[in-house]
1. Tell me the mean residue ellipticity at 222 nm calculated for the chain from its helices only (DSSP H runs of n ≥ 4, each -39500 (n - 2.57), averaged over every residue, nearest 500).
2. With the cut-off at 22 Å, tell me which of the pairs K43/K81; K41/K90; K41/K81; K43/K114 have Cα atoms farther apart than that.
3. Subtract the Cα-Cα distance of L27 and S9 from 0.36 nm times their separation in residues, and report this length gain in nm to one decimal.
4. With a 1.4 Å probe and all protein chains left in place, how much of the accessible area of the chain comes from carbon and sulfur atoms, in whole percent?
5. Separation between the K43 and L70 pseudo-spin-labels, each 7 Å from Cα along Cα→Cβ, expressed in nm?
6. Exactly which chymotrypsin sites (Phe, Trp or Tyr not before Pro) in region 1-98 are in a DSSP loop and have at most 11 other Cβ atoms within 10 Å?
7. Could you give each residue of region 47-53 its phi-based ³J(HN,Hα) in whole Hz, using Karplus coefficients 6.51, -1.76, 1.60 with θ = phi - 60°, and x for Gly or Pro?
8. Using only Cα atoms, tell me the angle between helix 114-124 and the longest principal axis of the chain; keep it within 0 to 90° and round to the nearest 10.
Amino acid sequence: KDLYSNLDSWFQPFGGDVIIECKEISLEEEYIGSYSVKEMKIKIGTEYVTITPRGTIIIGGYGRVDMTGLDGEAMFLLLPKKEGKGNSIKNCSWHVATRSSKYNPLYNPLPLNKNTFAEALESIMRK
């Protein structure tokens, strides 16, 4: 599954309490040029969280997507799997890194799953 498919599936149990809107935006990177990406805006209660791709050219990985809320920001990073051989985009998985996570205070990326996503989401929303 890709990142956005996972996010959609994790919000499905909340039904109408969570509203997800997507739109195409343009992203420009050196060496690649301009291309279209999907930005996701999520309304949870009265608060919005925005998920915006930032680029494919990152040190040590293949992509970065930022999740921004009223109380902070988290990063989704497409990183090579440690146990796999070779560094290619086919051998990668999404990770999440936050500034204020109790498990991850120094930007040590954790594998992205429903639980690490929920923790990251909670860390960037108002308390």
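1. On the way: 2 runs with 20 residues, N = 127.
Computed mean residue ellipticity for the chain: -4500 deg cm²/dmol.
2. Working: K43/K81 32 Å; K41/K90 27 Å; K41/K81 29 Å; K43/K114 18 Å.
Beyond 22 Å: K43/K81; K41/K90; K41/K81.
3. Values: separation 18, 0.36 × 18 = 6.48 nm, distance 2.55 nm.
Gain on extension, L27 to S9, equals 3.9 nm.
4. Numbers: 4180 of 8000 Å².
About 52 percent, which is the carbon plus sulfur part of the accessible surface.
5. Going from the K43 label point to the L70 one covers 1.4 nm.
6. Working: sites: Y4, W10, F11, F14, Y31, Y35, Y48, Y62, F76, W94; in loops: Y31, Y62.
For chymotrypsin sites (Phe, Trp or Tyr not before Pro) across region 1-98 that sit outside H, G, I, E and B with at most 11 neighbouring Cβ atoms in 10 Å, the list reads Y31.
7. Using θ = phi - 60°, the values come out as 10, 10, 10, 10, 10, 10, x Hz.
8. 70 degrees
The values are calculated or read from the model by the stated rules, or taken from the named source; none is laboratory data. Here the structure is a predicted model, which means the values were calculated and not measured. In this analysis, Cβ positions are derived from the backbone assuming ideal geometry, glycine residues included, and neighbour counts consider all displayed protein chains. These area figures cover heavy atoms from the full protein model, side chains too; ligands, DNA and RNA do not enter into them. Shrake-Rupley method; radii C 1.70, N 1.55, O 1.52, S 1.80 Å.
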